[in-house]
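K.L.:
Handing you this structure, nothing more for now.
What follows is calculated from the coordinates using simple rules that are stated; it is not laboratory data. Not measured: the values here are computed from a predicted model. In this analysis, Cβ positions are derived from the backbone assuming ideal geometry, glycine residues included, and neighbour counts consider all displayed protein chains.
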Amino acid sequence: MREFYMRHRNSIIMFLNIMIISLGVFAKDTKFIIIGILLAALSFYVISLEKKAEEQKAREKAERKALRNAEKFRNRGKKKKKKSKKRK
């Protein structure tokens with residue numbers, strides 16, 4: 001259930017906002033219409049911020065992975081020198 005909500009939460013939130021607006025239209029109450037429009041605008045803003053944050057997180061993860069792969073590639077040909085022990 002949680003996975004379903006997390007996958008479709010933006011659609012669910014917008015559906016609820018539309019329900020509030022339609023309730024205001026049918027009840028002929030402007031308060032509900034205004035509240036629904038404000039909530040819809042706020043929802044669009046939050047959704048856009050979440051998408052930007054996810055893109056930034058994915059970009060940073062890709063950069064870290066590329067740096068790790070580059071480091072592995074550089075170190076691949078090098079052999080570690082063994083310390084020679086002095087005999088007494």
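K.L.:
Taking the Cα centre of the chain as origin, sum charge times position over the Cβ atoms of Lys and Arg (+1) and Asp and Glu (-1), and report the length of that vector in debye to the nearest 20. Provide the component values of the computation, followed by the final result.
P.N.:
Values: 26 positive and 8 negative charges, 554 e Å.
Using Cβ point charges on Lys, Arg, Asp and Glu, the chain gives about 2660 debye.
K.L.:
Rounded to the nearest 10 degrees, what's the angle between the helix 30-76 long axis and the longest principal axis of the chain, both from Cα atoms, 0 to 90?
P.N.:
That helix lies at roughly 10 degrees to the long axis.
K.L.:
Using the Cα centre of the chain as origin and beta-carbon charges of +1 (Lys, Arg) and -1 (Asp, Glu), tell me which of N10, S22, N75 is placed farthest towards the positive end of the dipole.
P.N.:
N75
K.L.:
Over the chain, calculate the relative contact order: mean separation of alpha carbon pairs under 8 Å at least 6 apart, over the residue count, as a percent. Before the final figure, lay out the partial values.
P.N.:
On the way: 28 pairs, mean separation 16.1, N = 88.
Here the relative contact order equals 18 percent.
K.L.:
Taking only Cα atoms, what is the 0 to 90° angle, nearest 10, from helix 2-27's long axis to the longest principal axis of the chain?
P.N.:
Approximately 20 degrees, to the nearest ten.
K.L.:
Based solely on its DSSP helices, what 222 nm [θ] is calculated for the chain when runs of n ≥ 4 H residues each add -39,500 (n - 2.57) and the sum is averaged over all residues, nearest 500 deg cm²/dmol? Spell out each step's value before the answer.
P.N.:
Working: 2 runs with 73 residues, N = 88.
So the helix-based figure for the chain works out to -30500 deg cm²/dmol.
K.L.:
Out of these labelled values of Cα Rg over 2.2 N^0.38 Å, [x] 2.45; [y] 2.29; [z] 1.47, which was calculated from the coordinates shown here?
P.N.:
Step by step, Cα Rg over 2.2 N^0.38 Å for this structure corresponds to label [y].
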